[in-house]
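The values are calculated or read from the model by the stated rules, or taken from the named source; none is laboratory data. In this text the structure is predicted, and so the values were computed from the model without any measurement. Note that we place each Cβ from the backbone using ideal geometry, even for glycine, and neighbour counts take in every protein chain shown. Ligands, DNA and RNA are stripped out before the accessible areas are found, and what is left, the full protein with its side chains, is counted by its heavy atoms. Shrake-Rupley method; radii C 1.70, N 1.55, O 1.52, S 1.80 Å.
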Amino acid sequence: MKELSLNILDITENSVKAKATLISITITEDADMLTISIADNGTGMTEETVRNVTDPFYTTRTTRKVGMGLPLFKFAAEQTGGTLAVNSKHFESFPDSSGTTVTATFYKKHIDFTPLGDVISSLTTLIQGHPDIDFVYRHDIDGTTVASLDTRELRAVLEDVPLDTFEVLTWINENLAEQYNSI
């Protein structure tokens, strides 16, 4: 993919398919490293699935025989000298704490580093497409939070106004842009 924000969008869609009700997206960076972590409280994966999930020819989908999201994310990380880790607790073994965390690290100074891209558009697309799911987003640079959003807080203020209304999505987009512009 041409930018990491598209990987974030793709991996987060896996969380949606896993029936997550809360998805956390955290980006942490300093001068040398960028780490992206996507954690959910979905159904999780079995140990066998976790072992095979980065194989492009292993997929749990019945509509096609390949799954490229995690393999491409892993490739993007590893081509910079970074890593990808997938930790998961399947709901059958962990009924009260199931979920998956995908963490990728990237060396930013490597010639093959893929730019982060338009995270704001990826987030607003996720919220628009899945207004009933809660998203927590945080981007830290050198230990300081530069942008954050928690849809649970928005719901408390908006009461019965859906997150996928035009005005709310516009506010989310503008608020995140303002946060990024202040750095």
Worksheet item: How many residues does segment 15-50 contain that are at negative phi and free of Cβ contacts under 8 Å to residues at least 60 places away in the same chain?
Response: 10
Fill in: helices (runs of 4 or more DSSP H) contained in segment 69-183 and holding at least 3 residues free of Cβ contacts under 8 Å to residues at least 60 places away in the same chain, open to solvent by 30 Å² or more (accessible area, probe 1.4 Å) and of a type outside the set (Phe, Trp, Tyr)
151-158, 166-181
Worksheet entry | Filter result (surrounded by fewer than 18 Cβ atoms within 10 Å (Cβ to Cβ) and either at pLDDT below 95 or out of contact with any strand residue (DSSP E or B) (no Cβ under 9 Å at 6 or more places or on another chain) (or both)) within segment 20-45 | 31
Worksheet item: Any residue at all in segment 46-59 that is in contact with a helix residue (DSSP H, G or I) (Cβ under 6 Å, 6 or more places away or on another chain), modelled with pLDDT under 95 and of a type in the set (S, T, N, Q)?
Response: yes
